[in-house]
Every structure is written in structure tokens, then in C-alpha cells.
1. What is the ratio of the Cα radius of gyration of segment 255-336 to 2.2 N^0.38 Å, where N is its residue count, to two decimals?
2. In segment 52-96, whose amide N lies under 19 Å from the spot 7 Å out along Cα-to-Cβ of T332? List them in ranges.
3. Show log10 I(q)/I(0) for segment 117-218 at q = 0.12, 0.23, 0.24 Å⁻¹, two decimals, from a solvent-free Debye sum over equal Cα scatterers.
4. So, in nm, how far is label Q173 from label A96 when the simple model puts each one 7 Å beyond its Cα toward the Cβ?
5. Which one of V95, L72, S85 is farthest out on the positive end of the charge dipole of segment 72-116, using unit charges on Cβ (Lys, Arg +1; Asp, Glu -1) and the Cα centre as origin?
6. Could you name the aspartates and glutamates in cross-link range of K193, using Cα to Cα under 17 Å and dropping any fewer than eight places away on the same chain?
7. Collect residues whose amide H, placed 1.01 Å from N in the peptide plane, falls under 5 Å from the amide H of L70; neighbours closer than 5 in sequence don't count.
8. If the cut-off is 19 Å between C-alpha atoms, which aspartates and glutamates fall inside it for K54, apart from same-chain ones fewer than 8 positions away?
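No value in this document is a laboratory result; all are computed from the given coordinates. Source: prediction; values computed, not measured. As a convention, Cβ positions derive from the backbone with ideal geometry for all residues, glycine included, and neighbour counts pool all protein chains shown.
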Amino acid sequence: MADRDSSAADGTGPPARGRRWLALLALAGLGLLGYRLWPEASRAASPPPAAEAKPPTVRVALAARASDTLSLTQTGTTQAFDTASLYPRATGYIVAREVDLGSHVKKGDLLFRISAPDLDQQLVQAQSQVLQLQAARIQARAMVDQAEANRHLADVTNRRTSTLAGTGVETRQNADTSQAGVLAQTANVDAAKAAVKVAEANIAAQEAQVARLKVLTGFEEIRAPFDGVVTARNNDVGDAVTADTNTGAPLLTLARDDVLRMAVNVPLYAADGVRDGLNARVEVAQIPGKVFPGTVSRSSTTLLSAARTLVTQVDIPNPDGALRAGLHITITLEIPRAAPAVTVPNDALIFDQNGTRVAVVETEADGSTVVRMRPVTIFRQTRTALELRSGLRGGERVVVGPPAGLRDGDRIAPQPEGRTGA
């Protein structure tokens, strides 16, 4: 009993421990109540448990107005403006050759002379036949004069006999006979005149033959049809040649080189701007640093159905002979645009279920930077840029390589354009 009293007195008994637990519970309740009653402003001043998501950083580029012309560059081979393969039109053998491979000639210069004795003899014979036919025409005209004289005599005799038959001196039979003689002589006159026309027709036919042979004998001299250079020669003096054998090798080939030409296939997007007289720029790898002028001179006016291109020929003046036919060149045409266009980088295009669009960077009233999706129409694509027919006016900032989840109205943090290299 004394022991319980002593423990109660020094506070180590069960009643004392219960009071300590009650005190601890009271302190915990006061702490919880104080947290709930803590002012909102004080809690707002404390740091947030997690920072807000920052807007994505994107690269931007400036949409630029395209130039007023389309630059079209193609490579190709120069061709002679005119090329002629000269064949013999007279059968004989070559007696003179005035040119050789690489010779420059003028129009009308003698190239070959052919001896054709058979052709010459045919011409002499034809001319002699013309003289014979002319003599036959003279004879036919004399027959006309004789027939007309006979008809006149028959007419006089008929009038006299008819008069005498009326008085009974001549018989009616004699009168009828004289009248028939007039008709016969008239027929003879008509036949003689017809013979004259036949003779004249024969002369005309023979003169035409003479003219043909003269033309053929003119081909015994082969002359240059235009100014140019001899690019091939296949015959020499003494060679026999046959007329009209254009299935074999020609005597020579002549090419005009004071003007060259090249064919350019203009694609569909630029075909509307091609016009005769459009200037061209010609460059040759073997002649660095020099630009030769050219001019569009003609085109097919219709597109090739397979390639959808317009065949255009460019004439290249070559007065000093610096260029040659068959030379590999690069030609550039500055073709006027039919409509204005705006260029943006290739990777600025967004293609999804909403069509083809670009993300344009705009600044809101509160100073934030957002993107607005703009639908666009593509005109053509080059190696580095897209040319847009509609959707932008030029001067807008567009997102380059937009993130996959970028949406209209999203906030962004654009990089300075100087750092993108756009």
C-alpha cells in the first residue's frame, strides 16, 4: 500500500501516463487545426510543388515573295541551224572537187563538177528534135495555105456551076458535085489546121524535155545551198556517181554554223510564259566565264502528251565560230511568271487530314506568341523551297519543322531567325 502511494506521489503510476497521452493528442489536434486555418495568401507565397510546362521552342523562317520570273536551266547539245546532204542528180564521174572536210563555203560556191557525156548527148539530141518539129510545123502551116487555096477555087467553081445550072447550061448533077467539092476542101483546111496544132504541141513537149535536160546538166555542177562548213565528204575525183541514188552515202554534208540551235523541253508550270523573242543565257563548260546570248525563236505550241512539256527551240548566234554543233551546253531561260508566288522552306509544310497547311507565327495582344494554321496551295517544289500559289502574301514568319502535336493557337517560343539559317 505504501508502494502505490509513493508511485502516485512521484507521478510514475498509471494515472500519470494517461495524462501525458491526453496532452500529446491535444497538441496534435491543435496543429491540424492551425494548418487548416493558415491564411491562403501565406500558402500561395510558398513555392509550387511542380513548375508549369514551358511552350516548345521552334525554328522560324520568313516567307518571301518569289521573283517575277521562273529560272529554268537545262543541259543539251547544240545543233546546226541547217544541215544538207548533197547527192548527185547527174550520172557520170567527178572531174573536179573544190572543197574538203572542214572547208567553209559561201552560198553558190562550186563544190563538185561532174562530167556526164550521156546526159550532154541527150540534150543535143533533144534540141535537134525541136528543130525537126519546128520544120514539121512550117510544113503543116504550108498545107493549111494550100488547103485554103483549094477551098477558094472550089467555092468559085461551085458559084459558077450553080449559076449555069439555073439557066440550064449545066446539069443539076454537076452543080451538086461542085457544092460537095467545097465541103471537101473546107474539111481539108480544118485537117491542115489541126496538123499545125499537133506540130506545135509536139514542139512544146520537146522543148520541155530540153528544159529538163538543161536542168539536169546544171546538176553537173554541185554548189553550196547556204553558207556553212563541210562536215563530211565521201567522194573524190574520178569516182563514178549515179543520179538519184539518195539511199547511199551523199557526196558531202554541209552544216550551217553561223547560227546554232538547241531544243528545250519547258515543263507545264512554265509553258504559259514562253514567247518568241525571250532571251536565253548559254554557258559552256569548256569556255568558263563567258556567257553567250540566245533567243527563243519557235515552239511546238502544243504540249507533248506523254511528258507534258513544251518543245521550244533557242537560236544561238555564232558569228565568230566560237561554238560548234554537237557541243554540250547549259542554257537558262528567265520565263515571266503568269501569277505571283511566295516561297517557304520545304520542311515548313504540314500535310494531314486537314490538307496542306503552314504554321504562321503571330503575336497576341498580351504579348504571347502563338501559331495559326493557314491552308496553302503548292505551285511547285524545288530542291530547297516550296513555291505557294495561294495562302500567304509574303513577309509572314512560318514554323520550320513543326512538332507533330502542334495545333492552331498553341503558344511557342520562336528561335531568332538569324540562328535558324532560314
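1. Relative to the rule-of-thumb radius for its length, segment 255-336 sits at 1.12.
2. Under 19 Å, as judged by backbone N against the label point of T332, lie 66-78 of segment 52-96.
3. -0.57, -1.02, -1.06
4. 8.1
5. Most positive-ward Cα: V95.
6. D145, E148
7. So L70 has HN proximity to I335, R337.
8. E362, E364, D366, D408, D410
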